[in-house]
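The values are calculated or read from the model by the stated rules, or taken from the named source; none is laboratory data. In this text the structure is predicted, and so the values were computed from the model without any measurement. For neighbour counting, all protein chains shown are included, and Cβ atoms are generated from backbone atoms with ideal geometry for every residue, glycine included. To get the accessible areas, we keep the full protein, side chains included, count just its heavy atoms, and leave off ligands, DNA and RNA. Shrake-Rupley method; radii C 1.70, N 1.55, O 1.52, S 1.80 Å.
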Amino acid sequence: MKLFWDRGYEGTTFDDLIGVMNIGPSSFYHEFGSKEQMYREAVDYYLNVCLVFFPRALSTHRDTRAAFEALIEESAAPAGCMISLAGMHLPPHLRSVADFTKGVRKHSEQALVRRLRKGLSDGDLPPETNVKELAAYFGAVLGGMAAQARDGASRKQLLAIGHLAMRAWPSTSRIP
């Protein structure tokens with residue numbers, strides 16, 4: 001997982017994988033079947049072990065804004081996100097890897113939409129809020145924070161980006 005996280009799918013070679021695991025090619029193929037299958041397992045591990053804060057932040061806060069603020073706080077990690085930038089620039093023969101990572105990102109955005117819909121029904125958001133647009137916006141912010149992290153941004157810089165993004169939060173108060 002750490003190799004894929006650091007180097008991406010294409011930047012991680014078969015030799016890198018068998019070297020770090022200290023196994024031979026036949027053992028690798030017997031255990032994982034292919035580099036792509038191992039990548040999928042690494043992403044699954046990442047989602048279930050390293051990214052547990054994402055669903056926790058969305059579900060543990062009663063107030064929707066607080067949930068998104070917690071998500072921003074947790075996402076401000078200098079290591080960046082393994083998924084945000086993965087699989088975006090792969091050659092056509094690796095389309096299945098690109099589609100897989102795109103699906104993972106889409107699933108995350110759908111989780112944001114579900115949380116925003118709950119906030120809408122709870123009265124945390126104005127009735128006219130377009131939850132799909134707001135989810136896409138925060139998905140873009142989180143992805144941008146991941147890109148900044150990969151470029152060396154500090155936690156303080158990442159938090160500043162996230163706090164600035166929260167200024168776009170729709171107000172429930174009406175201006176007459």
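Below, the figures for the structure above:
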read-out	value
Selected residue (only one of 57, 76, 70 is touching a residue at least 40 places away in the same chain (Cβ under 8 Å), surrounded by 14 or more Cβ atoms within 10 Å (Cβ to Cβ) and under 30 Å from residue 113 (Cβ atoms))	76
Enumeration of residues in region 130-150 that are of a type in the set (D, E, K, R) and farther than 21 Å from residue 65 by Cβ	150
Test: residue in region 53-75 that is within 30 Å of residue 120 (Cα to Cα), in contact with a Ser or Thr (Cβ under 9 Å, 6 or more places away or on another chain) and outside any helix (DSSP H, G or I)	no
Which listed residue is assigned to a helix (DSSP H, G or I) and surrounded by fewer than 17 Cβ atoms within 10 Å (Cβ to Cβ), from 49, 104, 97	49
Qualifying positions in region 7-31 - open to solvent by 30 Å² or more (accessible area, probe 1.4 Å) and among the polar types (S, T, N, Q)	13, 22, 26, 27
Subset of region 151-165 that is surrounded by 13 or more Cβ atoms within 10 Å (Cβ to Cβ) and of a type in the set (A, V, I, L, M, F, W, C) - its residue that is nearest to residue 70 (Cα to Cα)	159
Verdict on residue 39 being surrounded by 15 or more Cβ atoms within 10 Å (Cβ to Cβ), out of contact with any strand residue (DSSP E or B) (no Cβ under 9 Å at 6 or more places or on another chain), part of a helix (DSSP H, G or I) and in contact (Cβ under 8 Å) with a residue 24 or more places away in the chain	yes
Which listed residue, of 34, 84, is among the hydroxyl-bearing types (Ser, Thr, Tyr), touching a residue at least 60 places away in the same chain (Cβ under 8 Å) and open to solvent by less than 50 Å² (accessible area, probe 1.4 Å)	84
Filtered residues of region 109-138 (kept if open to solvent by 30 Å² or more (accessible area, probe 1.4 Å) and assigned to a helix (DSSP H, G or I))	109, 110, 114, 117, 118, 120, 121, 122, 132, 133, 136, 137
Number of positions in region 39-55 that are over 19 Å from residue 85 (Cβ atoms) and either touching a helix residue (DSSP H, G or I) at 6+ places or on another chain (Cβ under 8 Å) or among the small types (Gly, Ala, Ser) (or both)	2
Residue list for region 107-138, filter: over 18 Å from the mean Cα position of the chain (by Cα) and over 20 Å from residue 60 (Cβ atoms)	126, 127, 128, 129, 130
